[in-house]
Amino acid sequence: MHIPDAVRTLERDLRDVFGGRLLSLVAYRGGSGDDRSAPTLAVVDALTADDLRACADRVAEWHDAGLATPLLLAAHEFGRSLDAFPFEFGAILAEHAVVAGADPFAELKVDLAHLRQACEIQARSHLLHLREGFLETRGRGDMLAALIVRSAAPLAALVRSVARLRGSDAIDADVAFRMVETAAGAPAGSLTNIGSLAGSASLTPDAARRLFPPYLDAVERLTHYIDRWSDV
C-alpha cells in the first residue's frame, strides 16, 4: 500500500504534539479505495484537550496537503473500541500500513458476533429509513427518485458490510452486490441497480416507481438473512 509523502509530514506534526506519547500511526485505504485522501489512525498514550487544540491548529494544513483528519485514540480505549466499530476497524485491520511505531492491530481481531450485530443494525436502519422516506414522498415520483439516489451510497456501504461478514473484504463492488443478492434470496439487479446510482445526479420518476418495490423487498430479505445468519 502506497504511503503519500504528506503522511510523513503528518507523522512529524504528531510527534511535535505528542512526542513520545505517539505509539502508532497507520495509514489505511478509505471506503472509496482511493489513497488520495490518505486516511490515518494514530494511537497515543494519552489524549488531552490541549493535544486536540494543538492538532486543530494544523488541520487546515493537513487538508491542503490532501490528508483526511486523522483518527485519534488513546491506547486504553483502542482495543475496547473494536466491538463498537467492528466494520470500520475491521476494514482498517484488513488493509493498512504502519507509518510509525508498532502495529496496533498485530494481536487483535474483530469478533464475528460483533460484525453480525453491527451489520444487522446497519440493515435495519436502512430499511426503516426507506419506509419512512417513502411515506414522506407523499406519492410524488420526483421525491421518490431523490430518496433512491440518496440511499445508494448507504446501500453500497451496507453491501460491503455484508460481504465482509461473509469473509470477503476486497472484492469488486458489482461482485459484492451480486453475491449479497444471491445470499439474501433477492432478485438479480434489485440491489445492484440501486448501487449503480451512487454519485448519480438524477433518476426519472418512472424509473423510481419501477425500481423501488423490488429494492424495498430486497432490503427486507437482506435484513431477514442477517438476522437469521447461522455462522455466528
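Values quoted throughout were computed directly from the atomic coordinates according to the rules given, and no laboratory measurement underlies them. Worth saying up front: this structure is predicted, and the values here are computed from it rather than measured. All Cβ positions, even for glycine, are placed from backbone atoms using ideal geometry, and neighbour counts span all protein chains on display.
Miscellaneous remarks
- Cα convex hull, the range 112-227: 83 Å³ per residue, rounded to a whole number.
- Size of the range 51-177 from its Cα atoms: along the principal axes, largest to smallest, the extents are 55, 37, 27 Å.
- Placing +1 on the Cβ of every Lys and Arg and -1 on the Cβ of every Asp and Glu, with nothing else charged, gives the range 5-101 a dipole about its Cα centre of roughly 120 debye.
- Put a plus charge on the Cβ of each Lys and Arg, a minus charge on the Cβ of each Asp and Glu, and nothing anywhere else: the dipole of the chain about its Cα centre is then about 720 debye.
- If you model the chain as an ellipsoid using its alpha carbon gyration tensor, with each semi-axis the square root of five times an eigenvalue, the axes come out at 37, 21, 15 Å, biggest first.
- Comparing mean-square fluctuations of VAL180, VAL59, VAL44 from a GNM of the chain with C-alpha springs under 10 Å, the top value falls on VAL59.
- For the range 5-101, a/c is not less than 1.5, where a ≥ b ≥ c are the root eigenvalues of the C-alpha gyration tensor, and a/b does not top b/c. That puts it in the oblate class.
- Helical mean residue ellipticity (222 nm; -39500 (n - 2.57) per DSSP H run of 4+; nearest 500) of the chain: -18000 deg cm²/dmol
- Between the residues ALA75, ALA49, HIS129, the greatest Cα displacement towards the positive end of the dipole of the chain, with unit charges on the Cβ of Lys, Arg, Asp and Glu, is found for HIS129.
- When each of the peptides 68-75, 20-27 is scored by how many other beta carbons lie within 10 Å of its residues on average, the order from highest to lowest is 20-27, 68-75.
- Rounded to the nearest 20 debye, dipole of the range 112-227 from Cβ charges on Lys, Arg, Asp, Glu: 100 debye
- Residues whose amide H falls under 5 Å from that of LEU23, counting only those 5 or more places apart or on a different chain, are VAL43, VAL44, ASP45, with hydrogens built in the peptide plane.
- Of the residues ALA106, ALA145, ALA153, the one that moves most in a GNM of the chain with alpha-carbon contacts below 10 Å is ALA106.
- Considering only SER200, ALA60, ALA38, the residue lying farthest towards the positive end of the dipole of the chain is SER200, judged by Cα position with unit charges set on Cβ.
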